[in-house]
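*Asks:* Dropping a structure here in structure tokens format, bear with me for questions.
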Amino acid sequence: MDDELFPIVTLDLRAIRTVITEDEGDPILLVDDGDVQIEFGSGLCGTWEQAILGAERLATAAEQFAVALREQQITLAA
């Protein structure tokens with residue numbers, strides 16, 4: 001999983017909205033910034049455990065990003 005990532009779209013975090021909904025009984029997470037909408041789903045194949053681990057990786061990365069932004073804000077304010 002060390003493949004380099006290349007963005008296809010960019011979301012503006014200042015305008016971000018998130019909604020948890022469902023499609024045919026399966027939960028999905030929608031993330032929207034007013035211009036771009038991304039759907040996070042459990043996929044057609046694989047196990048629920050794999051989907052849960054993916055959601056946890058996303059949540060962990062988002063929290064780490066918030067920490068980095070907070071540190072940047074403190075550095076710029078100093």
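*Asks:* Taking ALA51, is it of a type in the set (Gly, Ala, Ser), at pLDDT 95 or above and surrounded by 10 or more Cβ atoms within 10 Å (Cβ to Cβ)?
*Replies:* Values: of a type in the set (Gly, Ala, Ser): yes; at pLDDT 95 or above: no; surrounded by 10 or more Cβ atoms within 10 Å (Cβ to Cβ): yes.
No, not satisfied.
*Asks:* Could you check the stretch 15-51 and list, in sequence order, the residues that are outside any strand (DSSP E or B) and in contact (Cβ under 8 Å) with a residue 12 or more places away in the chain?
*Replies:* Across the stretch 15-51, the qualifying residues are ALA15, ILE16, ASP33, GLY34, ASP35, VAL36, GLY41, SER42.
*Asks:* Now, a different point. Does the stretch 52-70 contain at least one residue that is of a type in the set (Asp, Glu) and within 12 Å of the chain's Cα centre (by Cα)?
*Replies:* First, pick out the residues of the stretch 52-70 that are of a type in the set (Asp, Glu): 56, 63.
Imposing the further condition that a residue be within 12 Å of the chain's Cα centre (by Cα) reduces the set to 56, 63.
For the stretch 52-70, residues of a type in the set (Asp, Glu) and within 12 Å of the chain's Cα centre (by Cα): present.
The values are calculated or read from the model by the stated rules, or taken from the named source; none is laboratory data. These numbers come from a predicted model, not from an experiment. Every residue, glycine among them, receives a Cβ derived from its backbone with ideal geometry; neighbour counts consider all protein chains shown.
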